[in-house]
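The next block holds one structure in the form of C-alpha cells; read it before the comments.
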Amino acid sequence: MTAVDPDDDRIRRYVLRRYAYDPQRRERRHVVLGAFDNPEELRRLMDQLSSDLERRRAKGEPIDRREHVSGVILEPNHARRQRDGRLLLAAMRHRVTISEEFLERLDLPPNIGLLRFRGRVGEPPPQQGRAWAGGRYRWRTRLRGTLPWFVVRWIPKGSGDCGNHQWYVVADGLTACYHCRATRPAGGEHPYR
C-alpha cells in the first residue's frame, strides 16, 4: 500500500472520501480518508469500508442513509485549475476587465469554456458578410442564432430601433423584428421584408 498526500498537486492521486454529517461544521460533506497512487488500493479500501458501513446498518446502528464511501481521481494540477476557474468566474461576476496576458496564464479546468470578443465595449464586431450588415443589433442576432437556446435569454434583442427591420410572423396579424423589439400589425406588405 502506497499512501500519498491528497493535497500533492504534482501527481495523479486516487482519493478515498466519506460523505457524512460533520457536527463541527453542521453540514454533510465529503471528508478525505486517504489518497493512493494506484486504483487497486483505492478499490480495496473502498470495498472494505462500504461493507463495514452496510454491516453497521444491518445491526441497526443509527447511521444516516445518505452516508457513503466514494473515490475520486485527481489529475496533476487539479487544484490549480480549480483555483484559476474560481478566479476567472469571480472576475467575471465583478465585471473586471481581464487582460489577454492574464487569460493566457490561466490553466482552466475542462468544465469551463471561454468565449472572447475582441473590440470595444458596446461596439459590434467588424462587418462580416450579410448577417452583420445593414443596421444596429445584427451582431446580437448572429450571436443569438449561434448559442444554445438556454443562453439566449442573457443576450436580449436590442432595446432601441435597429433602423433596418427584418420582420417575421409572431402570431396571426402580428410581426416582429429579428433584431430589435419593434412589432407591427401584419399589413399589405410582405411580412418577411
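None of Arg44, Arg10 is exposed (fewer than 11 other Cβ atoms within 10 Å of the Cβ), at pLDDT 90 or above and either outside the structural domain of Ser70 (by TED's automatic domain parsing) or among the charged types (D, E, K, R) (or both) except Arg10.
Taking the numbered list (1) among the charged types (D, E, K, R); (2) surrounded by 11 or more Cβ atoms within 10 Å (Cβ to Cβ); (3) more than 23 Å from the chain's Cα centre (by Cα) in turn, Arg55 passes all entries but (2). Considering only residues of the stretch 64-90 that are of a type in the set (A, V, I, L, M) and surrounded by 15 or more Cβ atoms within 10 Å (Cβ to Cβ), which is modelled with the highest pLDDT? My answer is Val69.
Selection of first residues in the stretch 151-168 that are closer than 10 Å to Arg181 by Cα and of second residues that are part of a helix (DSSP H, G or I), restricted to Cβ pairs under 7 Å at least 6 apart or on distinct chains, gives the following pairs, ordered by first then second residue: Lys157/Arg140; Gly158/Arg140. Annotation: Asp172 fulfils all but one of (1) exposed (fewer than 10 other Cβ atoms within 10 Å of the Cβ); (2) modelled with pLDDT of 80 or more; (3) not small (Gly, Ala, Ser); the unmet one is (2).
Residue check: is Arg80 touching a strand residue (DSSP E or B) at 6+ places or on another chain (Cβ under 7 Å) and either within 29 Å of Pro39 (Cα to Cα) or among the small types (Gly, Ala, Ser) (or both)? Against the criterion (touching a strand residue (DSSP E or B) at 6+ places or on another chain (Cβ under 7 Å) and either within 29 Å of Pro39 (Cα to Cα) or among the small types (Gly, Ala, Ser) (or both)), Arg80 does not qualify.
Yes or no, residue by residue, for (1) within 25 Å of Arg81 (Cβ to Cβ); (2) acidic (Asp, Glu):
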| site | (1), (2) |
| --- | --- |
| Val4 | yes, no |
| Leu16 | yes, no |
| Arg29 | yes, no |
| Asp37 | yes, yes |
| Leu49 | no, no |
| Gly60 | no, no |
| Asp64 | no, yes |
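So which residues in the stretch 66-105 are within 30 Å of Glu54 (Cα to Cα) and in contact with a Leu (Cβ under 6 Å, 6 or more places away or on another chain)? Passing the criteria: Val69, Gly71. If Tyr14 passes every condition in (1) farther than 20 Å from Glu75 by Cα; (2) hydroxyl-bearing (Ser, Thr, Tyr); (3) touching a strand residue (DSSP E or B) at 6+ places or on another chain (Cβ under 9 Å) but one, which one does it miss? Answer for Tyr14: the failing condition is (1). Just a yes or no: is a residue in the stretch 103-126 in contact with a strand residue (DSSP E or B) (Cβ under 7 Å, 6 or more places away or on another chain), of a type in the set (A, V, I, L, M) and at pLDDT 80 or above? Looking through the stretch 103-126, none of the residues is in contact with a strand residue (DSSP E or B) (Cβ under 7 Å, 6 or more places away or on another chain), of a type in the set (A, V, I, L, M) and at pLDDT 80 or above.
The values are calculated or read from the model by the stated rules, or taken from the named source; none is laboratory data. This one's a predicted model, so the numbers in the text were calculated from it and none came from an experiment. Virtual Cβ from ideal backbone geometry, glycine too; neighbours counted across all protein chains shown.
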